[in-house]
1. Among Ala186, Ala252, which is the only one that is at pLDDT 95 or above and not hydroxyl-bearing (Ser, Thr, Tyr)?
2. If Asp79 meets every condition in (1) over 22 Å from Gln151 (Cβ atoms); (2) in a helix (DSSP H, G or I) apart from one, which number is that one?
3. Hey, among the residues in the range 171-195 that are within 18 Å of the chain's Cα centre (by Cα) and assigned to a helix (DSSP H, G or I), which one's surrounded by the most Cβ atoms within 10 Å (Cβ to Cβ)?
4. Collect the residues in the range 41-75 that are under 29 Å from Tyr86 (Cβ atoms), of a type in the set (D, E, K, R) and assigned to a loop (DSSP other than H, G, I, E, B), keeping them in residue-number order.
5. Take Asn203 and tell me if it is outside any helix (DSSP H, G or I), touching a Ser or Thr at 6+ places or on another chain (Cβ under 9 Å) and over 18 Å from Ser44 (Cβ atoms).
6. Inspect the range 87-102 for any residue being of a type outside the set (Asp, Glu) and either part of a strand (DSSP E or B) or free of Cβ contacts under 8 Å to residues at least 12 places away in the same chain (or both) and give the result as yes or no.
7. Under 6 Å between Cβ atoms, at least 6 apart or on separate chains: pull out the pairs that start in the range 1-20 with a residue that is touching a residue at least 24 places away in the same chain (Cβ under 8 Å) and end on any residue that is among the polar types (S, T, N, Q) and in a helix (DSSP H, G or I).
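The values are calculated or read from the model by the stated rules, or taken from the named source; none is laboratory data. Since the structure is predicted, the reported quantities are computational estimates derived from the model, not experimental observations. No Cβ is skipped: glycine too gets one built from the backbone with ideal geometry, and neighbour counts run over all protein chains shown.
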Amino acid sequence: MTLTRLQEIFPGNNDINNTHVTHFQNALKTGKFHTCHRQAHFFSQVKVETGNFKSLAESSKYQLHSALGTFGGKESTKDWYQQSFYDDKDYLDYFHYKVHEKTTDSTQNYTGKSYQTYKWKSSSTSDTVRVPTVYSFEKGYFKKLSFTKSQISEKEKKFFSAVYASRYGNGAPSTEDGYKYRGQGAIQLTWKDNYKAVSSKCNTLFGTSYNWETNPSEVSTDLKAAIYSAVAYFHFRLKDDLKLLDGTDLNAVSKAVNGGTNGLSHRQSAFNTLIKSKLFNNCKPKSPKDE
């Protein structure tokens, strides 16, 4: 692994430096990611999870309608699917990205053009909310809001605390576990149970002494922890058997590592680009060795 090679894996990211190289090189070597297929699978997942390694903490840049279309199966978001959540402006407590508010001021610059109804997991008509999804640049009935960094931080805490509540070791929204154990690190590690298990796996693999259950922010604020956590997570999910990574079935790898197919097309595109590139010599068969 060289700086040039890593910069080519994450093109356009000018923050990649020799410290990244050192940590990736050590992590991949110790983790036995020593073939082109294994490294292509690893980096394709990391590229998508981190936005080309530009974000080591999950973003809450969800528009209201996007969140409603994503989190309708969670008990902790049931209140979002009552019309009052929108009409009473409760959504303003959770969202900060491209947020609009109803107004009677005709000088404002946005009008709601398209509306969509979103349903919670039940079939009850009372568990639905109808909200605007598209705004035109015409004078009308909505104004676009902006928030301070402090306000955004509070909204992010409330948002993640709700959508990641009461599962996989996380407590109720009031505990803010959802925020503390939101996606962080090179593989966007999520959920308290995973933070605990992966720090243990990391310590076994690398001889470290991490405790991410009690210090979860370290996964995004410490570069070594961010990178090591990703390799450890692969080992945790695959139970230390990396044979699945020796093939080209990106779908199977994504399901095994991420538990689903979210963003599969982007992961597949990243994998295809890497596996066919000069970086991996078109992934020609060769004896396993450190790259």
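1. Of Ala186, Ala252, the one residue that is at pLDDT 95 or above and not hydroxyl-bearing (Ser, Thr, Tyr) is Ala186.
2. (1)
3. Among those that are within 18 Å of the chain's Cα centre (by Cα) and assigned to a helix (DSSP H, G or I), it is Tyr195.
4. Answer for the range 41-75, where residues must be under 29 Å from Tyr86 (Cβ atoms), of a type in the set (D, E, K, R) and assigned to a loop (DSSP other than H, G, I, E, B): Glu58, Lys61, Lys74.
5. No.
6. yes
7. Filtered contacts from the range 1-20: Met1/Gln25; Ile16/Gln7.
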